Amino acid sequence: MRPPAPKPPPPPASSSSSYSRREPRPENPLLLLPSCRAAKLSLGCPLLDRLLSGGLPAASVTEIAGESATGKTQLCLQLALLAPQSPLSASSLFLHSDLPFPLHRLRRLAPKSCPNILDHVLVAAAHSPAELLSLLARAQRLLSDPGRSPHRLPIRLILLDSIASLFRADFDASPADLRRRSALFFKISAKLKELAYRHQCVVVVTNQVVDVVERDAGNTVAWSSGRRVSPALGIAWANCVNTRLFLTRELDGDGAGGSARRRMRVAFAPHLPEQSCEFVIRRDGVFGIEPPQR
Amino acid sequence: MVVMVLFAISAGPTGSSDLIFLLRTAPALPPRLLIRRPVSRRSSADRPRPASHRSSSAGSARSSGSCCSSSSAPPPPRRRRFLAGGSDAGRAVATRRVLDMGAGENNPLGAQNAWDMLSEEQSQKHITTGSGDLNGILGGGIHCKEVTEIGGVPGVGKTQLGIQLAINVQIPVEYGGLGGKAVYIDTEGSFMVERVYQIAEGCISDILEHFPHSHEKSSSGNKQLQPEHFLADIYYFRICSYAEQIAAINYLEKFLGEHKDVRIVIIDSVTFHFRQDFDDLALRTRVLSELSLKLMKIAKAYNLAVVLLNQVTTKFTEGSFQLTLALGDSWSHSCTNRVILYWNGTERYAYLDKSPSLPVASAPYAVTGKGVRDVSSNHKRVRVT
């Protein structure tokens, strides 16, 4: 028998989307401290958890950015399967915009010991920002009224696979379109953050990268596969996320079929120092490895 | 010697207040040389009667529209506080009172003279930011009674600085701090409590390092230096939409009236909810300017520092994209001081962009496991996890 999961702290304000007419009430951070420490979604590997100081935090939006085939979707699937058995004890909502949903990979990753685990993964497709917003509105109703499906665990993990592919079409590079795009970023991010806060969810968003030509400084640029890349969607989207994890790949030697060293780096986070950790993608998931002793 | 103080204040529903102030020490002039206001529609009974009108010629200046009405009618009771010198307090007293601009019955403006303001300002404490270089360019730290805006790219340390200030304001008075509490309004969800705990621990360890004999003193009513106490003295508001943000700031006045020991209000970040699609941009500008006026009023009335954290955006000007602070040019007038945080290579720098009294300057700082500190001599950023 699994130990009973710790109850999530009750949402301080009313959990309905409309703002209640009561006065705002201040919270006491001291009282939030134990729940903040407890409500973290472990990645399933102690090294990666150490990088993230326990796991992915609740009530916060984490972005995982990386080139294609660096393990972003794999990590998301792994999180979706870990959530029901973690202390969070939650179902997950997987919103994907890249077609098709990797069902085979999910089946392969599912542990054989728990055949019903796929019951706890809800999948929905969104092909444009407007669709995503309507999906989030439906998710809000689902989250605030969980009594509909009593056999399923409450949803406390929301995964959005590839926010960048939502914005690939319909937007030119003209300033007006860029402004419109930025406004949508903030709308989506505000909605995700509200869901994260009111229901203490972990929100994970994946992002693609673009090549960087000019000399950019700071933490947005990294080297991956021999080129300078930066997460897509620019500085506007970077303002919308709380934590950014950057997955990079360094080609070893000639790189043709050779081992690629993969690295997960914390680009910025309010609670983490900037450090990185190597990891590998195996058949059963994404795991961190210790750097080889030279 | 006649001192005539004439003023008519009409605070109508439009909120406009025309004020004419005439102070003379001279023989009474014939009435036609006195300043007259244009006739307003209001009855003379509503208008406050002017102050001590000694000259008998004032009686002859009785015209219904003039602001210097006769001395015959007694002033209506509710306007009594606008009268200087009362009825017959003596002309010399009236002179002295008017020149001495203390606030009170004699001085309805509540004006302060500059000498008082200077001495007050010099005794004002600043809130240290944790980094000596940063304090240096800010003139000692964040000033109370002023609105400071801090902007920067994501990841440069705005939230870290905000949290550091929320902790540093609580440093007890005997260790050089303000000993006050903090209000933290979080719009983005970046307030991680475990990081606040870490920063509180770092602050306490620095205090104990600087004042090594403090723990030997018996703490008679002093705050115990525990991170839990520091956490408990932050009033944390989490808001999820712009309507909630406006409501929180409106509520803040009442809240601050009840909690007088709050010395800093931090809003992280003030722009997040206003960057969504507003159908009516004029509404957005109006709402934002009202917000900033309220914040300035709060800062002055309750003698606390207001710190607004802002984001950057790219602006398309002159054919190229430039980084500027969000919310546009009209918002840039809303703050008294502005600090911009930026990257220079792999170093973080702070640039004082706007200040009423200090020159523009920039200084490096670092974000360590203990919080915001000076850049240490070894450039390898060793972080304490």
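The values are calculated or read from the model by the stated rules, or taken from the named source; none is laboratory data. As the structure is a prediction and not an experimental result, all values here were calculated from the model. In this analysis, Cβ positions are derived from the backbone assuming ideal geometry, glycine residues included, and neighbour counts consider all displayed protein chains.
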Next on the checklist: The conditions are (1) assigned to a strand (DSSP E or B); (2) over 30 Å from residue B:368 (Cβ atoms); (3) hydrophobic (A, V, I, L, M, F, W, C), and residue B:109 fails exactly one of them. Which is it?
Outcome noted: (1)
Checklist entry - Pick from B:236, B:242: which is under 24 Å from the mean Cα position of the chain (by Cα) and at pLDDT below 90? => result B:242
Item to check | Selected residue [farther than 28 Å from residue A:181 by Cβ and among the small types (Gly, Ala, Ser)] from A:134, A:128, A:86 | outcome: A:86
Checklist entry - Mind checking which residues of the range A:59-76 are within 14 Å of chain B (Cβ to nearest Cβ) and acidic (Asp, Glu)? => result A:63
Next on the checklist: Looking only at helices (runs of 4 or more DSSP H) that lie completely in the range B:112-177, which have at least 3 residues being touching a residue at least 24 places away in the same chain (Cβ under 8 Å)?
Outcome noted: B:132-137, B:158-168
Checklist entry - Going through the range B:195-213 one residue at a time, which ones are over 23 Å from residue B:265 (Cβ atoms) and either touching a residue at least 40 places away in the same chain (Cβ under 8 Å) or not aliphatic (A, V, I, L, M) (or both)? => result B:201, B:205, B:206, B:209, B:210, B:211, B:212, B:213
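Okay, residues lined up against (1) closer than 26 Å to residue B:139 by Cα; (2) at pLDDT 90 or above:
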| site | (1), (2) |
| --- | --- |
| B:249 | no, yes |
| B:266 | yes, yes |
| B:275 | no, no |
| B:279 | no, no |
| B:299 | yes, yes |
| B:324 | yes, no |
Checklist outcome for this item: From the option list A:56, A:79, single residue qualifying as away from every other protein chain (no Cβ under 14 Å) and aliphatic (A, V, I, L, M) is A:79
Item to check | Residue, farthest from the other protein chains (Cβ to nearest Cβ), within the range A:189-206, restricted to residues that are touching a helix residue (DSSP H, G or I) at 6+ places or on another chain (Cβ under 6 Å) and surrounded by fewer than 24 Cβ atoms within 10 Å (Cβ to Cβ) | outcome: A:199
Checklist entry - Residues A:238, A:232: which one is surrounded by 15 or more Cβ atoms within 10 Å (Cβ to Cβ), modelled with pLDDT of 90 or more, under 16 Å from the mean Cα position of the chain (by Cα) and among the small types (Gly, Ala, Ser)? => result A:238
Checklist outcome for this item: Flagged in the range B:133-162 as crowded, with 21+ Cβ neighbours inside 10 Å and in contact with a Pro (Cβ under 8 Å, 6 or more places away or on another chain), in numbering order, are B:159, B:160
Item to check | Cross-chain or 6+ apart pairs with Cβ under 7 Å, the range B:273-285 first and touching a residue at least 60 places away in the same chain (Cβ under 8 Å), then buried (at least 19 other Cβ atoms within 10 Å of the Cβ) | outcome: B:273/A:190; B:273/B:187; B:273/B:242; B:273/B:245
Next on the checklist: Could you tell me how many of the residues in the range B:266-304 are over 22 Å from the mean Cα position of the chain (by Cα), surrounded by 17 or more Cβ atoms within 10 Å (Cβ to Cβ) and among the small types (Gly, Ala, Ser)?
Outcome noted: 0
Checklist outcome for this item: Screening B:178, B:165, B:225, B:161 for residues that are more than 10 Å from every other protein chain (Cβ to nearest Cβ), under 28 Å from residue B:348 (Cα atoms) and at pLDDT below 90 leaves only B:178
Next on the checklist: On the basis of being in contact (Cβ under 8 Å) with a residue 24 or more places away in the chain and aromatic (Phe, Trp, Tyr), does residue B:251 make the cut?
Outcome noted: no
Checklist outcome for this item: Restricting attention to the range A:51-84, the residues that are without any contact (Cβ under 8 Å) to a residue 40 or more places away in the chain and under 11 Å from the mean Cα position of the chain (by Cα) number exactly 1
Item to check | Scope the range B:240-271; condition hydrophobic (A, V, I, L, M, F, W, C) and facing chain A (nearest Cβ under 7 Å); matching residues | outcome: B:240, B:243, B:247, B:248
Checklist outcome for this item: Of those in the range B:329-356 that are in contact with a helix residue (DSSP H, G or I) (Cβ under 9 Å, 6 or more places away or on another chain) and surrounded by fewer than 16 Cβ atoms within 10 Å (Cβ to Cβ), the residue nearest to the other protein chains (Cβ to nearest Cβ) is B:330
Item to check | residue B:130 being away from chain A (no Cβ under 14 Å) and surrounded by fewer than 24 Cβ atoms within 10 Å (Cβ to Cβ) | outcome: no
Next on the checklist: assigned to a loop (DSSP other than H, G, I, E, B), over 13 Å from the mean Cα position of the chain (by Cα) and within 14 Å of residue A:202 (Cα to Cα): is that true of residue A:87 in this structure?
Outcome noted: yes
